[in-house]
1. Roughly what would the spin-label model give for D55 and L379, points 7 Å off Cα along C-beta, in nm?
2. Under a point spin-label approximation (7 Å from Cα along Cα-to-Cβ), what is the T92-D196 distance to one decimal in nm?
3. Calculate, axis by axis, the spread of Cα positions in segment 238-344 along the three principal axes, and write the results as whole Å, longest axis first.
4. For N400, which sequence-distant residues (separation of 5 or more, or a different chain) have an amide H within less than 5 Å of its own amide H, given hydrogens modelled in the peptide plane?
5. Just to make sure I understand: if all protein chains stay in place, what is the order of M1, M83 by accessible area at 1.4 Å, largest first?
6. When all alpha-carbon pairs of segment 142-263 are counted, what percent fall beyond 18 Å?
7. Compute log10 of I(q)/I(0) for segment 48-105 with the Debye formula, placing one identical point scatterer on every Cα and leaving out solvent, at q = 0.13, 0.29, 0.31 Å⁻¹, to two decimals.
8. With charges only on Cβ, +1 for K and R and -1 for D and E, what is the dipole size of the chain about its Cα centre, in debye, rounded to 20?
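The values are calculated or read from the model by the stated rules, or taken from the named source; none is laboratory data. Computed from a predicted structure; not experimentally measured. A quick note on method: Cβ atoms are made from the backbone with ideal geometry, for glycine too, and the neighbour counts reach across all protein chains shown. Side chains are part of the model used for accessible areas, which takes the heavy atoms of the whole protein and leaves out ligands, DNA and RNA. Shrake-Rupley method; radii C 1.70, N 1.55, O 1.52, S 1.80 Å.
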Amino acid sequence: MKKRVVITGLGVVSPLGCGKEIFWDNLIAGKSGIAPMASLDLLPYKCKLGGEVRDLKPEIYLGSKGLKYLNKGTRFLGSAAKMAIDDARLPTDGTLSEKMGIVIGSSLGNFSETTDYFYEIIRNNPSELSPMLSYDVALNSSINYVSVIFKIKGLARTISAGFTSSSDAIGDAFKMIQRDMVKVIVAGGVEQISIDLYLIFYLRGLLSGLDGAREASLPLDKERNGFVMAEGSYVVILEELQHALDRGAHIYTEVKGFGNTFVGGKDHPAEVRVRRTEKAMHDALEDAGIKREDVDFISANANGCRMQDAVEAKAIQSLFGAGSDRIPVSAIKSNIGESYGTAGAAQLISSIMSISTGQIPHIMNHCNKDPEINLDLILEKPFRKEIKNALINTMDYDGNNSCLVISSVG
């Protein structure tokens, strides 16, 4: 029999603030973490906005020893993991080491540090470089750091699957606990803003504000024209239900289902993308044993890009049929931007808080209805509703679709 999996801890490092309470309070208050970017020199470029983490004090969570050798992303992940572990009241003395794992998703990870390091090798004599320059440059270095400082020995995985990376990490962790590989897993995602990543998105034409368009995060709006990039780390503690009950843990929600599909290439027509996105949602609900009519809320991937938002909306409309305009839909990327590989974990934590508080954050900046999107969008103010089952959607530009289903624990 498959083990039941619950969420017992939350950790947040975000543009809206650090910590689950400030993140949620600002989300419900309709505040924005998007502003002109301070960490990059964007004078030559059109797109200026970003969702930057501005108020993190990593020494509070990680101490000051060796902190100078850690890149920004590792500081994000280490801090978020410590918040989540403390929130779950898990011991950090090693008593759970063999029963505990870590699975983290990151689309681009320490990309800028990796390229900078190789640049230094090419430019200088490698034998003269400090060994510490290579300490934190690999995609999995942040995950390894966290596993070492928190004495996690059960398993360690790094998932890199584009924009669905953290959803895939959480989905994989869910399945691992179901199979009783370990009892507890630190799961989520991490991304950091850098000029390298900015230019990747800028040159691909994915950012909002190109070609004279209004620069803003406009999920599902008729005037949407691209996303606003963001950074952060969002971490949850997944735990086998009986293990959580035995130690008297506070349980937020239960993870019930996971569905994943791949389109098979970015050049497929929109109709194919719609079908594959719909199947990912269908598979997640089937895995959860939940009927479509029992879904109370959908956290949409919607990031403000024309094609992706339209594909997701049509997939929802197709799967839920006549009931699609009666299920509340929200999109928190209007507040925090598109954090690619860690976005799914951000949506998951927001959805957990919606189940816990009975409130759904509203979509900001939405002024123009798209006539092709017939969904019950939460606009203007938060919506109050008892939520038993929530569906979380994430999508990648190159064809990955990943969906999670979470439920209240009665």
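1. A separation of 3.0 nm, rounded to one decimal place.
2. Distance between the two pseudo-spin positions: 2.9 nm.
3. Cα spread of segment 238-344 along its principal axes, largest to smallest: 50, 30, 29 Å.
4. V263
5. Largest accessible area first, the residues go M1, M83.
6. 64 percent
7. -0.43, -1.28, -1.31
8. Value, rounded to 20: 500 debye.
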